[in-house]
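The values are calculated or read from the model by the stated rules, or taken from the named source; none is laboratory data. Remember, it's a predicted structure, so these values are computed and weren't measured experimentally. For neighbour counting, all protein chains shown are included, and Cβ atoms are generated from backbone atoms with ideal geometry for every residue, glycine included.
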Amino acid sequence: MSFESAFANPNPIEDPRCGAMGWSFGMGPIPIAYPRVVDLSPGGDLAYISSRLAGAMASEAELSGVFLVRPESLIPQGPVVTWFSEAAFDYEGWRRIGAWLVIVGEMSAKPQGIHLVLSAYLTEEGQILRVKSSEGLVPVNQVETFGRNYVKSLLLCVTGLHDSEHTRIAFARRAAPGKPKKIYVVEIGKEEVVQVSPGETLAILPSWAPGGKVAWTDYRSGNPDLWIDGELFSNFQGQNSGAAFSPDGKTVALTVAPEGNPNIWLLDAKTSKEVARLTDTERTVDTNPTWSPDGKQIAFVSDRSGKPQIYVMNSDGSNQRLLPLPGTYNTSPDWSPDGGKIAYQSRGDKAYFSVWVYDVATGEASPITKGPWNDESPSWSPDGRKLVFTSTRDKKQRLYLMNRDGSGVRPLFKGKSSDKSEDFTPAWERFW
């Protein structure tokens, strides 16, 4: 059931400013107020529910990686009417605490459920930002869901980017020491995982192919072959791994080693026939290709300088050059959907891996995780607001999510995984 069909929605209007606010990732987080929900019931009977709704909206805003929620203690004091009256709203008071946006709700009890009206005030403009799904008659047990969806509507309006909810992450999981890795898929927001690699043979390095299909390297034949949704795609002798499909879905960059030396080839995405050999070295290992979103460049890993480092080349293999990254061991690049960043893992001069981000425009690299544990294999969300990665911070290798800047780190799975299982090489779903 869709959100629109689950709730009454008497306000389907969308502000004409939506999608045209000039927002970009380079702006940094947008400060917003901690939401305030006013209980309009005569006896204040909805105080607990209103508090839960405000907290749910604040949490959703923080998890977005776009909004920065100001502390609840900074809420200006004043008559209740100044909260939900457009004419009396205290725009100046909110500007003083640095809030660009203020979410306010009205809540009242009805025989059929809770009547909610949510509003977003732009303090600089002194106006309301009108988005869809802002008013409804909502079942009590769906109040928080309504609020979270309202925040997502605001995010879409401000950024022009859809949320990553209901997208999927593919990953390799080893159920216990000594067991072979298998490929699984999980939908964001759910705990249930689905095994997609059949049988008990080793399966590694998942990636996404056009049409929502999952590709992985499978050893069922004794050779590391590339399979896509259960069908054999590439079986060059020696190695077929690290598949990266081009943004137009027509070709796939793949590490192959028919002569025993891993190089990156370009294959036709439909026929698996060789299109070009992008690298052709005899004594080094070239692997881990990732495409720029415009399809013009490919980042990859090579040890041609003596240690694994990240290089970039044109999509035809020309102009191969080393990225100026600190550290002596840099691998697992993933190009952001907006083209501005490359996330990767780096060991630097220390014993632990951490996740770093390279700014394509400035040439600067900076760490976004740090700790006495290993953070590895970063993969961007389709909207570029989040990353999934593996971490050993709880002693076992698990999957974690974080915002684009490294804030908001949290486990992908809310429930505890088996103490024996470990997860590897996540790949967030991409679309063609």
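Worth pointing out:
- Of all the residues in the stretch 259-274, those that are in a loop (DSSP other than H, G, I, E, B), out of contact with any Asp or Glu (no Cβ under 7 Å at 6 or more places or on another chain) and surrounded by 14 or more Cβ atoms within 10 Å (Cβ to Cβ) number 2.
- Of the residues making up the stretch 361-404, those that are within 19 Å of Ser332 (Cα to Cα) and out of contact with any Phe, Trp or Tyr (no Cβ under 9 Å at 6 or more places or on another chain) number 2.
- Helices (runs of 4 or more DSSP H) contained in the stretch 42-153 and holding at least 3 residues polar (S, T, N, Q): 47-63
- Residue match in the stretch 360-372 (condition: surrounded by 18 or more Cβ atoms within 10 Å (Cβ to Cβ) and either of a type in the set (D, E, K, R) or not in a loop (DSSP other than H, G, I, E, B) (or both)): yes
For (1) surrounded by 17 or more Cβ atoms within 10 Å (Cβ to Cβ); (2) over 24 Å from Leu63 (Cα atoms); (3) at pLDDT below 90; (4) in contact with a strand residue (DSSP E or B) (Cβ under 9 Å, 6 or more places away or on another chain), each residue gets a yes or a no:
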| site | (1), (2), (3), (4) |
| --- | --- |
| Ala8 | no, yes, yes, yes |
| Asn11 | no, yes, yes, yes |
| Ala20 | no, no, yes, no |
| Ser24 | no, no, yes, no |
| Gly28 | no, no, yes, yes |
| Ile32 | yes, no, no, yes |
| Pro35 | yes, no, no, yes |
| Ser41 | no, yes, yes, yes |
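- Whichever residue in the stretch 53-78 is aliphatic (A, V, I, L, M) and free of Cβ contacts under 8 Å to residues at least 40 places away in the same chain and, among such residues, is surrounded by the fewest Cβ atoms within 10 Å (Cβ to Cβ): Leu68
- For the stretch 202-253, the tally of residues that are of a type in the set (Ser, Thr, Tyr) and not in a strand (DSSP E or B) stands at 3.
One line per residue, one yes/no per condition, for (1) at pLDDT 95 or above; (2) assigned to a loop (DSSP other than H, G, I, E, B); (3) out of contact with any Gly (no Cβ under 8 Å at 6 or more places or on another chain):
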{"position": "Ala276", "(1), (2), (3)": "yes, no, no"}
{"position": "Thr290", "(1), (2), (3)": "yes, no, yes"}
{"position": "Ala299", "(1), (2), (3)": "yes, no, yes"}
{"position": "Pro326", "(1), (2), (3)": "no, yes, no"}
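- Answer from Lys181, Lys190 - the residue that is under 30 Å from Thr331 (Cα atoms), buried (at least 19 other Cβ atoms within 10 Å of the Cβ) and in the same structural domain as Tyr400 (by TED's automatic domain parsing): Lys181
- All positions within the stretch 309-324 that are part of a strand (DSSP E or B) and either touching a residue at least 12 places away in the same chain (Cβ under 8 Å) or among the aromatic types (Phe, Trp, Tyr) (or both): Gln309, Ile310, Tyr311, Val312, Met313, Asn314, Leu322
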